[in-house]
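Contents: one structure, followed by commentary.
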Amino acid sequence: MSGHADPSAGRRAARVAEMLGERGLDALLVETPADLRYLTGFSGSHGMAVLRAAAPEADAAAAADAAPGADAQERAHLFLTDFRYTTQSGEQVPAAFAREIVTGELLDAAAAALEGSEGRLGFDDASLTVARHRRLAEKLPQGWELRACTGLVEGLRLVKEPVEIARIRAAAELADEALREILEAGLAGRSEREVAIELELRMRRLGAEGPSFSSIVAAGAHAALPHAEPRDEPIPPDVLVTIDWGALYDGYCSDCTRTYATGEGISERAREVYELVLAAQEAGLAAVQAGPSGREVDAVARAVIEQAGHGEHFGHGLGHGVGMEIHEGPRLSRTAGEEPLRAGNVVTVEPGVYLPGELGVRIEDLVVVGEGAQEVLTSLPKVLTVVS
């Protein structure tokens, strides 16, 4: 996918450059796809960037005097890719980055670009393998040392800018429309796999780059598996069917889950579990706002399920952040930290109750956290609906 440069990327790169100096770093290696796209706008599959720390004002002024009309900071950052992305990188990567088309290993070229200087190079130790770390250490010019700085860019991505929220909203609207079209053809008699494939195809036809994750369609007892894989078996009448799906649109993900009945003949127990999960989901949704921690929000929804005697049947967290990746921070769970939710976080609220060998129910919305308010991005009704 190619396109014009994202003006937000250059601003984000400048912000990271300022943070590097604050953390005692002179440069940062960026190679994870989400972080790279966030800072450069590049959507290809093979790229790397080296960001330089922002120069102190006095140094920047001296550099500008030495090279009239030039911006020292613009020359500092480097984007690396191979010949396949010469045109695409030229369209997408902002002027804050010099571009280099590399014929060999990008990692080697990144190290070579630091020749003639010295300092501390930050890297994400959650993504750089031991073997690549060893190679980088061997290739770095003398005078450079490696410093782990996990999550520096990911931390910025936690709070979404308006343009990012608009893209997530568009992804959610697209995904909702795709499922509406699928439901018009009914569920009973079709295989879980058929429904999942058709749903993903509809999303692509509506403009999605693809699904944001492998769609889940699980009927009856199969829905007791939270991450059930769609089967070739036909969906029977009078059972509950859980559908968990999302779209990837313009680089951003959506995530939603709905549970439907395939007939009025579902059991009374199935109806009770559905209403319980809905009550927990609404309670958790109401608790989402800037201020409380993810652990506190999780506890609100979890208490509803525990008080009904189904605590052991709700084993996963209440939700997670969504953005350029389908699972990112912040987390809403029993093990989440004490960090408060912040305005601009985008999170899921998805409690579930899973009765092994019998049934499963999960209901999920995608929510933008606000100051005392929220915006729910997913719009399909949550009242128990029969889709025969």
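The values are calculated or read from the model by the stated rules, or taken from the named source; none is laboratory data. Computed from a prediction, not measured in an experiment: that's the story for all the values here. Ideal geometry is used to build each Cβ from the backbone, glycine not excepted, and the neighbour counts take in all protein chains shown. What goes into the accessible areas is simple: the full protein's heavy atoms, side chains included, and nothing from ligands, DNA or RNA. Shrake-Rupley method; radii C 1.70, N 1.55, O 1.52, S 1.80 Å.
Normalised by 2.2 N^0.38 Å, with N the number of residues, the alpha-carbon radius of gyration of the chain equals 1.13. The modelled label-to-label distance for the pair residue 358/residue 303, using points 7 Å beyond Cα in the direction of Cβ, is 2.6 nm. Dipole of the chain computed with +1 at Lys/Arg Cβ and -1 at Asp/Glu Cβ about the Cα centre; of 87, 335, 111, farthest Cα towards the positive end is 111.
Need the C-alpha centroid separation for region 190-255 versus region 280-342, integer Å. Centre-to-centre distance over Cα atoms comes out at 23 Å. Taking only protein heavy atoms and a 1.4 Å probe, the accessible area of region 155-282 is 50% carbon and sulfur.
Ordering 381, 348, 316 by Cα displacement along the dipole of region 310-388 toward the positive end leaves 381 in first place; charges were set at the Cβ atoms of Lys, Arg (+1) and Asp, Glu (-1).
One quarter of the convex hull surface built on the alpha carbon atoms of region 240-388 amounts to 8.8 nm², the projected area averaged over directions.
Each Lys and Arg adds +1 at its Cβ and each Asp and Glu adds -1 at its Cβ; summed about the Cα centre, region 122-241 shows a dipole of about 600 debye. The overall shape of region 189-327, judged from the alpha-carbon gyration tensor, is oblate: a/c is not under 1.5, and a/b is no greater than b/c. In this label model, residue 221 and residue 268 are separated by 2.3 nm, measuring between points 7 Å along each Cα→Cβ vector.
Taking square-rooted eigenvalues a ≥ b ≥ c of the alpha carbon gyration tensor, is region 94-149 rounded, prolate or oblate, where a/c under 1.5 means rounded and, failing that, a/b exceeding b/c means prolate? Taking the square roots of the gyration eigenvalues as a ≥ b ≥ c, region 94-149 is rounded.
Quick note on region 269-323: its Rg to Rh ratio, both from C-alpha atoms and Rh being the Kirkwood radius, is 0.99. Apply the a/c threshold of 1.5 to the C-alpha gyration tensor of region 332-388 and tell me whether it is rounded, prolate or oblate. Note, shape of region 332-388 comes out oblate.
Helix content alone sets the calculated 222 nm mean residue ellipticity of the chain: runs of n ≥ 4 DSSP H residues at -39500 (n - 2.57) each, divided across all residues, give -11000 deg cm²/dmol.
Each residue of region 216-230 was assigned a 3J(HN,Hα) from its phi angle through the Karplus curve 6.51 cos²θ - 1.76 cosθ + 1.60 (θ = phi - 60°); the sequence is 10, 10, 9, 10, x, 5, 5, 6, 6, 8, x, 10, 4, 9, x Hz, with glycine and proline shown as x.
Charges were assigned to the Cβ only: +1 to each Lys and Arg, -1 to each Asp and Glu. The resulting dipole of region 80-147 about its Cα centre is roughly 100 debye. Modelled spin-label separation between residue 206 and residue 185, with each label point placed 7 Å from Cα along the Cα-to-Cβ direction: 1.4 nm. Were the residues from residue 45 through residue 142 laid out at 0.36 nm apart, the gain over their Cα-Cα distance would be 31.9 nm.
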